[in-house]
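The next block holds one structure in the form of structure tokens; read it before the comments.
Here, each number is a calculation from the coordinates, and none is a lab measurement. Small disclaimer: the values here were computed from a predicted structure and weren't measured. Quick reminder, even Gly has a Cβ in these numbers, built from the backbone with ideal geometry, and neighbours come from all protein chains shown.
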Amino acid sequence: MKDEHLFKKEAKDLEEKFFAKQNERLLRELREKAKVEEKRKALQAVVKVKDPTIIEHLLELGVGPSLFWLLRSFPWLPSPGPMEVWTIRSEKPSSMRFRAGC
């Protein structure tokens, strides 16, 4: 009878330990997703582009709102105007180029 009680207690302890690890992992993933979503919203507010693909590519490149504003502040770089669009090469998501007049 004692052995059965010890096995049940050990099983319960293992179960609690397993689910504690699972909960910790899920919470970490949720926090990471929340951070990415926060960055995405902040970048979208700064870039003012409605295409989510462009925002995703900028995030993959490590471009955040502050870096975007910094790059726009340089006088030798063109700033996006009403007739200018971002184009992205689909075969190489890490390479972006800026093209005017489309």
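Observations on the model:
- When you count the other C-beta atoms within 10 angstrom of each residue and take the mean per peptide, 20-28, 53-61 line up highest first as 53-61, 20-28.
- Förster radius 25 Å - calculated FRET efficiency between residue 61 and residue 23, Cβ distance, rounded to 0.05: 0.15
- Averaging 1/r over every pair of different alpha carbons in the range 1-52 and inverting the result gives a Kirkwood radius of 14.4 Å.
- Formal net charge of residues neighbouring residue 10 (Cβ-Cβ distance under 14 Å; K, R +1; D, E -1): 0
- Gain on full stretching of the segment that runs from residue 69 to residue 42 - 0.36 nm per residue minus C-alpha separation: 8.5 nm
- Net +/- balance of residues flanking residue 55 in space, Cβ distance below 13 Å, scoring K and R +1, D and E -1: 0
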